[in-house]
1. Tally up the residues in the range 569-609 that are more than 21 Å from residue 548 (Cβ to Cβ) and either surrounded by 13 or more Cβ atoms within 10 Å (Cβ to Cβ) or at pLDDT 95 or above (or both), please.
2. Scan (1) more than 21 Å from residue 254 (Cα to Cα); (2) part of a loop (DSSP other than H, G, I, E, B); (3) at pLDDT below 90 for the single condition residue 315 breaks and write down its number.
3. Do we find a residue being within 25 Å of residue 224 (Cα to Cα) and acidic (Asp, Glu) anywhere in the range 450-467?
4. Residue under question is residue 224, and the condition is that it be crowded, with 19+ Cβ neighbours inside 10 Å, at pLDDT 95 or above and closer than 21 Å to residue 518 by Cα; does it hold?
5. With respect to residue 541, is the statement that it is of a type in the set (Ser, Thr, Tyr), at pLDDT 95 or above and surrounded by 14 or more Cβ atoms within 10 Å (Cβ to Cβ) true?
6. Name the single residue that is nearest to residue 549 (Cα to Cα) among those in the range 188-213 being of a type in the set (Ser, Thr, Tyr) and under 34 Å from the mean Cα position of the chain (by Cα).
7. Taking residue 563, is it of a type in the set (D, E, K, R), at pLDDT 90 or above and closer than 30 Å to residue 412 by Cβ?
8. Only one of 348, 401, 407 is closer than 24 Å to residue 316 by Cα, under 23 Å from the mean Cα position of the chain (by Cα), buried (at least 24 other Cβ atoms within 10 Å of the Cβ) and polar (S, T, N, Q); which?
Amino acid sequence: MQKKLIAVPALAGLVALPIAGYTALHLLQEQPFATGRQQPQPVADASDEVASAPHAETTAVLERAAEQTEAADAEPQPQPAPSATTSERLLAAPSGAPAKALAEHSAVAQLNHRTTMQRAPVVPPMPEPLVSPEPNRDRIGNFDSNPVRSVAEHPVSTFSVDVDTASYAYVRRSLKEGVLPQADTVRVEEMVNYFPYDWKGPESAATPFNADVSVMPAPWNSAHRLMHVAIKGYDVQPAEKPKANLVFLIDVSGSMNEPDKLPLLQSAFRMLVNRLEADDTVSIVTYAGEAGTVLEPTKASDKAKILAAIDTLQAGGSTAGEAGIREAYRLAKQSFVEGGVNRVMLATDGDFNVGQSDDSELKRLVEGERKAGIFLSVLGFGRGNLNDSMMQTIAQNGNGTAAYIDTLAEAEKVLVQESASTLFPIAKDVKIQVEFNPQKVSEYRLIGYETRALAREDFNNDRVDAGDIGSGHSVTAIYEITPKGAAQRIDDLRYGEASTDNGGVANADEYAFVKIRYKLPDQDVSKLITRPVTAADEIASFDSASEDQRFSVAVAAFGQKMRDEGELDGFGYDRISQMAAAARGDDPFGYRSEFLSLIRLAEALSAGN
């Protein structure tokens, strides 16, 4: 039993030794031991580990510690003098000292350490500093939605076609980032025309496109109808494709130094290069502070050289956009292909902060080169600095398209799946004019195309620029019309309505008369296609329309909902989703399935507003 009792304090000392050393540091900082005598130390209740020790001498240590606590509370403590540390005193102890001394020091040290921790003030953790989000410096052009027009006052509607898709990709990115898009970023016609449709195309290249018109009930207003105009461009066959002379004008300014900008841009152009024919030509111009030619005109057969030039691009500096565009046009002229495709492809986040930065000046520059046969397309990248207004301006005036590349999948869609329509135009300056019959239609509203509106007299003016249609492009325009006799928003005029007394109206059984004017890519004189819209074009019910027609209407409804247009106040996202899901049809690339997910995101985000 005696051996057992001796072993217990020894074991306790071995366990407590590391704790004693750690505690000594605290004792020296707060209250060192005085030379020749031990200063009373404030203690709290004994620790559970020491209190449970079975040795009687450990209990005595605890009692002495309690007495020291009372003495410390009763009288002020003098400033202690420096003394040896606890470990030094233990080492100086006689070699025959029992383990009892070590146990005493260990027990007191533990008590002092616990007291210090108990009496230390509790400091609450500092809250994380709020990081203000970077301001969105995207430049978006403002516009108002098309109003309802009275046929008696404004029987004619005129606009330019639009095959751009930038708006859809921008809206998609906003929704996937959990933000409802700004209304002016939603251009409904670009949302609708983002998707491929199986409209009936022309039989030969002699007629560059075919127009199909249908009239069907409006799903969001049973009293109204939709006049659906679908245009399909001729799909140029590989053997018929002209040679391409392409200049990649690449923004490498400092603002492009982000993963979704220059690195994504490089991957996108690599995809495009792999689609080119051996006889096609590629040049590369960069701009950042000053313009530079990275690659002189090079045949696509030397693919390795072109790809190596793309891979060496690095971002840095400010943006000398004007100098870059002028250098790109110089190279395009140097390798100009008669009868071929001569196109500058500008890839940028839209930051033109050095040189000719005014959109109107850029417009005049691009217009002048367009007349010389060199077109320009724009690919936008990134967010926070995107100049969408500039992109739209120069693409529209450069006989090109504007696309927004937010993912590698979008780059593959624009530059691989739709490379023919992106690069090879089949018609330019395409305008649509619709004259409504006041005997059949009292009001109309064009859904989208607000930024493409033209004056009535512009339709026959070949000097007025309009949009282009590329190989295999689909263009869809939708009017919401109020049939004669249905409730109107606009009062009838007192004078001017046709009747049998004043000669009536010719072709009174027609809804409207559609005219399409266009030019062939290498010509400057327009041609005209006309088509009446009659009862033969009516579809009895919306569900009887084709899948493509119903899906395009669902996309138009979604775009209007995103713009918060009043016509869809009673038509929820759930109805739009049902309509789109029922018309999803064949979806080889998953574009329509993704659209359904965007509807769900928009509905969830709108619920919180």
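The values are calculated or read from the model by the stated rules, or taken from the named source; none is laboratory data. Small disclaimer: the values here were computed from a predicted structure and weren't measured. With ideal geometry, Cβ positions are generated from the backbone for all residues, glycine too; neighbour counts draw on all protein chains shown.
1. Of the residues in that region, 10 qualify.
2. (1)
3. Checked the range 450-467: at least one residue is within 25 Å of residue 224 (Cα to Cα) and acidic (Asp, Glu).
4. It is false that residue 224 is crowded, with 19+ Cβ neighbours inside 10 Å, at pLDDT 95 or above and closer than 21 Å to residue 518 by Cα.
5. No: the conditions fail for residue 541.
6. 197
7. yes
8. 348
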